[in-house]
Amino acid sequence: MRHWSLGMIVPLQDPTPFSPFAPVDWRQALKRVKTAGYDGVELAITDPAKIDLATAEEALESEGLRLLSITTGQAAGLEGLSLTSRDERIRRRTIERIEAHIDFARRFGAVVIVGSLRGADGDSELLTEALRECAGHAPEVRLALEPLNRYESRLVNTVAEGLDVVERVGAENLGILADTFHANIEEANIGEAFRAAGDRLFHVHLADSNRHVPGYGHLDFAQVWDALGSIGYQQSLVLEPLPKPNTETLINAPARLRGEWK
Ligand code: LER
Ligand code: MN
């Protein structure tokens, strides 16, 4: 059985190209997401210290939406945070930032994503040490390391490289976020890569080969649905395309996607 929760990205603080919504309209965004048939949201948060947790919780509850995941990478571009910076103080600030995300996520059972915050390049030993510390902060909160394509980071481009880091860290609550857009660039075989992650696959991002809505590029999503089915994946699928071909197609994707994989 395919029990996949579908989510959309809603930014709470700073705009992101991966959501059609503006932070100032986030409450309105939740209403639209609910109406379009999503199960929950991935909140894009730069700094959880500047968010009123109770307000966010109450708004999600009143819309009947789950907080599936928190995407954390905006602080890389906006504040220069990186887990693998040569500057020890920046590494420390980044670990503390991820710990703040973990504290936010724990009351929702949400996954905390480590994508761009790992740095564009850097030492993989530093990454291992930093992730071990983050994972140890709250063993009940799952962290998902996201392989990114080579044009965004030189550290961890494929699921296999991600699994290698996960193994070296050795924490039960560290797994992988597989993003179909990055996988299309980096993986020899997308289905095999997803299968290899197995029960370490904690989260999935969906976008087509051109970062359009799934179905509007040339990625074969049947192999993704098959792979997720074969490993018994039961977590979330969050849409992360640009709003292309247009915003309405993105927001209204759930009905079509559910029809495709059932
Ligand atoms: C984040 O999830 C992602 O996929 C990145 O490409 C954003 O920079
Ligand atoms: Mn992604």
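Could you tell me whether any residue of the range 121-144 is assigned to a helix (DSSP H, G or I), crowded, with 24+ Cβ neighbours inside 10 Å and either in contact (Cβ under 8 Å) with a residue 60 or more places away in the chain or within 16 Å of ligand 2 (Cβ to nearest atom) (or both)?
no
Could you grab me the full set of residues in the range 166-180 that are within 12 Å of ligand 2 (Cβ to nearest atom) and in a helix (DSSP H, G or I)?
The one that is within 12 Å of ligand 2 (Cβ to nearest atom) and in a helix (DSSP H, G or I): Thr180.
Suppose we filter the range 213-262 for residues that are modelled with pLDDT of 95 or more, in a loop (DSSP other than H, G, I, E, B) and open to solvent by 40 Å² or more (accessible area, probe 1.4 Å); how many remain?
14
Determine if the range 23-40 includes at least one residue that is within 16 Å of ligand 2 (Cβ to nearest atom) and either in a loop (DSSP other than H, G, I, E, B) or in contact with a Pro (Cβ under 9 Å, 6 or more places away or on another chain) (or both).
For the range 23-40, residues within 16 Å of ligand 2 (Cβ to nearest atom) and either in a loop (DSSP other than H, G, I, E, B) or in contact with a Pro (Cβ under 9 Å, 6 or more places away or on another chain) (or both): absent.
Inspect the range 156-163 for any residue being in contact with a Ser or Thr (Cβ under 7 Å, 6 or more places away or on another chain) and crowded, with 21+ Cβ neighbours inside 10 Å and give the result as yes or no.
There is no residue in the range 156-163 that is in contact with a Ser or Thr (Cβ under 7 Å, 6 or more places away or on another chain) and crowded, with 21+ Cβ neighbours inside 10 Å.
For the structure I just gave you, tell me whether Arg97 is under 22 Å from Leu68 (Cα atoms), surrounded by 15 or more Cβ atoms within 10 Å (Cβ to Cβ) and in contact (Cβ under 8 Å) with a residue 12 or more places away in the chain.
Yes, satisfied.
Would it be correct to say that Leu145 is of a type outside the set (Ser, Thr, Tyr) and away from ligand 1 (no atom under 16 Å from the Cβ)?
No.
Give the residues of the range 192-213 that are more than 18 Å from Gln234 (Cβ to Cβ) and in contact with a helix residue (DSSP H, G or I) (Cβ under 6 Å, 6 or more places away or on another chain), sorted by residue number.
Answer for the range 192-213, where residues must be more than 18 Å from Gln234 (Cβ to Cβ) and in contact with a helix residue (DSSP H, G or I) (Cβ under 6 Å, 6 or more places away or on another chain): Ala193, Ala207, Ser209, Arg211, Val213.
Just give me the residues in the range 176-228 being in contact (Cβ under 8 Å) with a residue 40 or more places away in the chain and more than 12 Å from ligand 1 (Cβ to nearest atom), in sequence order.
Phe202, Val213, Pro214, Gly215, Phe221, Val224, Trp225, Leu228
The values are calculated or read from the model by the stated rules, or taken from the named source; none is laboratory data. A quick note: this is a predicted structure, and the numbers were derived from the prediction, not measured. Don't worry about glycine lacking a Cβ; one is built from the backbone with ideal geometry, like all the others, and counts go over all protein chains shown. Just the protein is used for accessible areas: all its heavy atoms, side chains included, with ligands, DNA and RNA removed. Shrake-Rupley method; radii C 1.70, N 1.55, O 1.52, S 1.80 Å.
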